[in-house]
């Protein structure tokens with residue numbers, strides 16, 4: 001039994017003997033070379049380890065003794081508490097790197113990983129980094145150590161490495177690490193080493209990988225229940241998807257495109273900054289047709305409602321990006337769909353309402369709708385031109401109301417737009433492209449504009 005009174009001295013003696021047994025520091029060289037087997041230097045480490053085992057035994061005695069007695073009496077530290085502090089002072093201030101690494105291994109084997117979080121020795125980080133590539137527990141502890149000591153940028157870097165690394169992690173776990181990394185990288189510190197450019201670069205890498213991982217997660221969820229996958233093929237596909245984060249090209253070529261997940265293909269275009277207008281248009285057209293077909297087969301909801309939900313969801317996700325959510329393409333596409341497949345079903349203005357609800361600017365909608373009207377192409381010829389004429393008046397009326405409520409100094413935002421709107425109204429009033437209801441609306445709007453200006 002060790003005497004608590006001499007614990008600090010006993011620890012120091014054991015450490016001195018360990019170093020004397022290996023003056024050439026062969027054990028340290030062996031450690032830094034990652035413990036190669038059949039190496040003569042291992043014997044030096046074993047000699048040292050016998051001394052370190054004695055230190056472990058002393059630590060246990062010290063801890064057990066102080067657990068059974070109070071730490072403070074009458075506002076003063078007790079003798080046992082002081083002896084414990086002295087013992088740990090010797091341990092924490094030791095510059096014996098071999099001992100510190102052996103001690104941390106022992107802590108981990110005892111389930112005392114939290115002790116490493118409280119240790120301020122520079123050896124902790126090198127110890128954890130040396131082991132992080134081989135053991136998830138050490139890698140996980142490293143980012144926790146950085147976070148505990150307020151080094152959030154380094155914590156985010158480790159979390160990013162874990163998300164990208166080769167550990168047997170599920171996709172969900174990798175996304176969780178990326179989400180933590182984004183949170184960590186967004187925490188600002190007062191450190192002089194916390195360069196803004198480094199933070200922004202790290203955040204960009206995290207966000208880009210998180211976008212790809214989210215796409216992979218969407219594909220994974222669909223593959224789980226896709227009836228086209230055979231019972232023998234499904235486990236193989238799910239295993240590939242539910243692991244390391246794949247390259248976005250592989251997600252597109254091997255999964256999303258082959259499976260005709262058109263909405264996911266569009267998101268991939270967006271994330272990959274792919275800007276081929278023909279491919280974007282064709283994929284949108286395929287998505288609308290697919291959504292209509294599947295909803296019609298299921299019997300509910302109404303096909304146009306399902307199409308609107310799909311477009312609204314993607315518009316929000318894509319943030320109305322011009323390259324992947326092109327209004328000049330989508331508005332005519334949906335107007336044709338509404339006429340050819342959903343005529344007389346739902347509100348006559350559901351297409352415009354959809355885009356307005358998404359926050360698409362009135363100017364963009366007006367430009368696309370004007371082009372479609374003036375093109376005079378099938379199926380918007382003859383009486384069907386009234387659909388576009390009515391939509392134009394409806395859009396201008398909504399714009400007028402919004403402009404008034406918004407307190408615009410000039411109605412429609414500028415005098416040029418006022419003149420342009422008046423010109424459109426006069427043209428429509430002289431045409432045969434308005435039904436009686438929209439004709440009345442056009443006359444009313446013309447009167448209101450004249451009063452305003």
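With modelled with pLDDT under 95 and closer than 25 Å to residue 270 by Cα as the only criterion, which of 197, 189, 179 stands out?
Numbers: 189 fails: closer than 25 Å to residue 270 by Cα; 179 fails: modelled with pLDDT under 95.
197 is the lone residue from the list that is modelled with pLDDT under 95 and closer than 25 Å to residue 270 by Cα.
I'm checking my understanding of the structure. Among residues of segment 324-347 that are modelled with pLDDT of 95 or more and in a loop (DSSP other than H, G, I, E, B), which one is nearest to residue 265 (Cα to Cα)?
324
Checking residue 355 against (1) surrounded by fewer than 19 Cβ atoms within 10 Å (Cβ to Cβ); (2) under 40 Å from the mean Cα position of the chain (by Cα); (3) assigned to a helix (DSSP H, G or I), which single condition isn't satisfied?
So residue 355 meets the others, but not (1).
Picking from 311, 360, 307, which residue would you name as being touching a helix residue (DSSP H, G or I) at 6+ places or on another chain (Cβ under 9 Å) and over 18 Å from residue 261 (Cα atoms)?
Only one candidate qualifies: 360.
Could you tell me whether segment 142-157 includes any residue that is more than 27 Å from residue 92 (Cβ to Cβ), at pLDDT 95 or above and part of a helix (DSSP H, G or I)?
Kept after step one, since they are more than 27 Å from residue 92 (Cβ to Cβ), are these residues of segment 142-157: 156.
This time we only want the ones that are at pLDDT 95 or above, so: 156.
Of the ones still in play, those that are also part of a helix (DSSP H, G or I) are 156.
Yes - at least one qualifying residue is present in segment 142-157.
Within the set of pairs 6+ apart or on separate chains, which have a first residue in segment 375-387 that is outside the structural domain of residue 343 (by TED's automatic domain parsing), a second that is not in a helix (DSSP H, G or I), and C-beta atoms under 7 Å apart?
385/433; 386/433; 386/434; 386/435; 387/380
For segment 48-68, state whether one or more residues are within 50 Å of the chain's Cα centre (by Cα), without any contact (Cβ under 8 Å) to a residue 12 or more places away in the chain and not in a helix (DSSP H, G or I).
Yes - at least one qualifying residue is present in segment 48-68.
Just to be sure before I move on: is residue 245 closer than 20 Å to residue 286 by Cβ and buried (at least 19 other Cβ atoms within 10 Å of the Cβ) in the structure I sent?
For residue 245, the condition - closer than 20 Å to residue 286 by Cβ and buried (at least 19 other Cβ atoms within 10 Å of the Cβ) - is not met.
Only one of (1) touching a helix residue (DSSP H, G or I) at 6+ places or on another chain (Cβ under 8 Å); (2) buried (at least 18 other Cβ atoms within 10 Å of the Cβ) fails for residue 151. Which number is that?
Going through (1) touching a helix residue (DSSP H, G or I) at 6+ places or on another chain (Cβ under 8 Å); (2) buried (at least 18 other Cβ atoms within 10 Å of the Cβ) one by one, residue 151 breaks only (1).
Just give me the residues in segment 131-141 being surrounded by 14 or more Cβ atoms within 10 Å (Cβ to Cβ) and in a helix (DSSP H, G or I), in sequence order.
131, 136, 138, 139, 140, 141
Looking at segment 17-31, which of its residues are in contact (Cβ under 8 Å) with a residue 24 or more places away in the chain, closer than 18 Å to residue 105 by Cβ and not in a loop (DSSP other than H, G, I, E, B)?
18, 27, 28, 31, listed by residue number.
The values are calculated or read from the model by the stated rules, or taken from the named source; none is laboratory data. Keep in mind it's a predicted model, so treat the numbers as computed, not measured. For neighbour counting, all protein chains shown are included, and Cβ atoms are generated from backbone atoms with ideal geometry for every residue, glycine included.
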